[in-house]
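Undergrad: Starting off with a structure, shown below.
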Amino acid sequence: METAVVNFSQFSGLADGDCAGRIAAARGRLGERAVLLAHHYQRADVYRHADLTGDSLKLSRLAAQTEAEVIVFCGVHFMAEVADILSSERQTVVLPDLAAGCSMADMASLAKVERAWRELGEVLDADEEITPVTYINSAADLKAFCGRHGGIVCTSSNAADILRWGFARRPKALFFPDQHLGRWTARTMGIGADEIAVWDFDRPLGGLSESEIRRAKMLLWKGFCSVHQMFRPEHIRKFRGEHPEGFVISHPECCEEVCELSDYVGSTEYIIKTIAAAPANTRWLVGTELNLVQRISREFAPEGKVVKFMSPMVCMCSTMARIDPQHLAWCLESLANGEIVNRIKVPAEDAAHAKTALERMLAY
Ligand code: 13P
Ligand code: SF4
């Protein structure tokens, strides 16, 4: 490959339409050397270029299976890290804009989780009594923490199975960073509200008493998704009042009351499949990110399905939206010119332990 450095400033002012042509041309030059993976929340003008799409679980499997030399990940930082950990040494993962993070993942840091583990260790034998379970929406060093401490990773599609795996080994789970996914999953597994405690990571001992910690089966990190917290029970009640025949489907990152009022709760892939399999002419209210809802609304309209967004406000994953056609065009042209930009490389030791926790999940 010839090397010619392409500066992003040459792309930042490009019109979206011009980017599309340059993306297609760069992809043509790269051929099968590059594969483009995109999460369901990715904006339409980027999503249309994807080779493979999916929810977090599906994308992690796809990343582990692809043979391509370069994985261009149109998602957020933790997803690209998972792709790096699960792909082979000869493969390279790039994230077109390094600022595409996840605000929920940022709510748990290794320092805070280690502090929680130390403090829990003052009350219990943490390594004997607690399985650390991290939602895949977390940094690689937290997955590595789980790998080192007999823990595991879960996604929104498999959280109940993964918690069963944990409870078969130890009586308690510390679940981070999303309290809502943890709470909803625990409740569907029959764990009572009195056995669930929220760990406030900014307070000593998580803001809990020793007896609350001993009683809790599920310790929930006090994190949340800023997008999914916008969906409220009143949005569902209004819809039910206007369309009693309609269906409500939500992502488990929504709060417990929203999940409880929904007919179906599941991952982004589950939401798409459920509406795809529904009879024609049905009406749906969907509690998840706007790009996905708008896409399926267009896709299922020919079948007479009416798909509406749950909130009257615009709830987009603004960090994922940072992967725009300009960054994608820049990234692909750089690759086609032999220059790797925005590489995601997890340090070897973290990658090894994080892989242990991810493989426990994928094997289960
Ligand atoms: P999925 O695993 O359902 O794709 O969800 C990922 C996510 O970040 C939702 O906010
Ligand atoms: Fe993170 Fe929420 Fe965006 Fe999902 S929607 S990637 S949880 S900020």
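Just so it is clear, none of the values below were taken in a lab; they were calculated from the coordinates. Just so you know, these numbers come straight off a predicted model, no measurement behind them. Quick reminder, even Gly has a Cβ in these numbers, built from the backbone with ideal geometry, and neighbours come from all protein chains shown.
Undergrad: Please state the charge dipole magnitude for the range 265-364, taken about the Cα centre, from unit charges on C-beta atoms (+1 on K and R, -1 on D and E), reported in debye and rounded to the nearest 20.
TA: Approximately 380 debye in magnitude.
Undergrad: Something else: What percent does the relative contact order of the chain come to when contacts are Cα pairs within less than 8 Å and at least six residues apart?
TA: 25 percent
Undergrad: Between Glu234 and Asp161, what FRET efficiency follows from the Cβ-Cβ distance if R0 is 35 Å, with the result rounded to 0.05?
TA: E between Glu234 and Asp161, to the nearest 0.05, is 0.60.
Undergrad: Using θ = phi - 60° and the Karplus curve 6.51 cos²θ - 1.76 cosθ + 1.60, what whole-Hz ³J(HN,Hα) does each residue of the range 203-217 get, with Gly and Pro shown as x?
TA: So the J values, rounded to whole Hz, are 10, x, 6, x, x, 10, 8, 4, 5, 5, 5, 5, 6, 5, 8.
Undergrad: Once you compute Rg and the Kirkwood Rh from C-alpha atoms, what is the Rg to Rh ratio for the range 167-208?
TA: Ratio of gyration radius to Kirkwood radius: 0.97.
Undergrad: Quick one: grab the alpha carbon gyration tensor of the chain, order the square roots of its eigenvalues as a ≥ b ≥ c, and give me rounded if a/c is under 1.5, else prolate or oblate depending on whether a/b is larger than b/c.
TA: Oblate.
Undergrad: For the range 88-137, which GluC sites (Glu not before Pro) are in a loop by DSSP, counting at most 15 other Cβ atoms within 10 Å?
TA: Working: sites: Glu89, Glu114, Glu119, Glu122, Glu128, Glu129; in loops: Glu89.
Filter output for the range 88-137: Glu89.
Undergrad: Sticking with this structure for a sec: Which residues' amide hydrogens lie under 5 Å from the amide hydrogen of Val307, considering only partners 5 or more residues apart or on another chain, with H built in the peptide plane?
TA: Here the answer is Trp284, since their amide H atoms fall under 5 Å of that of Val307.
Undergrad: Quote the FRET efficiency, to the nearest 0.05, computed for Asp263 versus Glu195 with a Förster distance R0 of 30 Å and r equal to the Cβ-Cβ distance. It would help to have the intermediate numbers written out before the result.
TA: Values: r = 26 Å, r/R0 = 0.88.
According to the calculation, E is roughly 0.70.
Undergrad: Please state the charge dipole magnitude for the chain, taken about the Cα centre, from unit charges on C-beta atoms (+1 on K and R, -1 on D and E), reported in debye and rounded to the nearest 20.
TA: Result for the chain is approximately 560 debye, rounded to the nearest 20.
Undergrad: May I have the pair-distance distribution P(r) for the range 102-258, computed from all Cα-Cα distances with 5 Å bins from 0 and rounded to whole percent?
TA: Whole-percent P(r) values from 0 Å outward: 2, 9, 19, 22, 20, 12, 7, 4, 3, 1, 0.
Undergrad: About its Cα centre, what dipole magnitude does the range 77-186 give when the only charges are +1 on Lys and Arg Cβ and -1 on Asp and Glu Cβ, stated in debye to the nearest 20? Before the final figure, lay out each step's value.
TA: Details: 11 positive and 15 negative charges, 52 e Å.
Approximately 240 debye in magnitude.
Undergrad: Would you mind telling me the antiparallel percentage of the DSSP bridges in the chain, rounded to 5?
TA: If we restrict to bridges inside the chain, about 5 percent are antiparallel.
Undergrad: Once amide H atoms are built 1.01 Å from N in the peptide plane, which residues 5 or more positions from Val198, or in another chain, come under 5 Å H to H?
TA: Result for Val198 returns Leu220.
Undergrad: Then there's this: FRET efficiency for Ala24 and Glu89, Cβ-Cβ distance as r, R0 = 30 Å, nearest 0.05? Don't jump to the answer; show the numbers that get you there.
TA: Values: r = 30 Å, r/R0 = 1.00.
Between Ala24 and Glu89 the formula returns 0.50.
Undergrad: Would you grab the residues whose amide H sits under 5 Å from the one on Gly101? Only those 5+ places off in sequence or on another chain, please, with H modelled 1.01 Å from N.
TA: His77
Undergrad: Assign one of three labels to the range 11-72, namely rounded, prolate or oblate, based on the Cα gyration tensor with a ≥ b ≥ c the square roots of its eigenvalues; rounded applies when a/c is under 1.5, prolate when it is not and a/b is larger than b/c, and oblate otherwise.
TA: Numbers: a/c = 3.01, a/b = 1.43, b/c = 2.10.
Since a/c reaches 1.5 but b/c is at least a/b, the shape of the range 11-72 is classed as oblate.
Undergrad: While we're looking at this one, here's another question. Working out 0.36 nm times the residue gap between Arg115 and Leu362, then minus their Cα-Cα distance, what length gain in nm do you get to one decimal?
TA: Between Arg115 and Leu362, full extension yields an extra 86.1 nm.
Undergrad: What do you get for GluC sites (Glu not before Pro) in the range 165-263 restricted to DSSP loop and a cutoff of at most 16 other Cβ within 10 Å of the site's Cβ?
TA: Details: sites: Glu195, Glu210, Glu212, Glu234, Glu242, Glu245, Glu253, Glu256, Glu257, Glu260; in loops: Glu245, Glu253.
Hits after loop and neighbour filter: Glu245.
Undergrad: Continuing with the same structure: Compare Gly190, Gly182, Gly101 in a GNM of the chain, Cα atoms joined below 10 Å, and give the one with the largest fluctuation.
TA: Gly190
Undergrad: When each pair of different Cα atoms in the range 252-364 is counted once in the 1/r mean, what is the Kirkwood radius in angstroms, to one decimal?
TA: Evaluated on the range 252-364, it is 17.6 Å.
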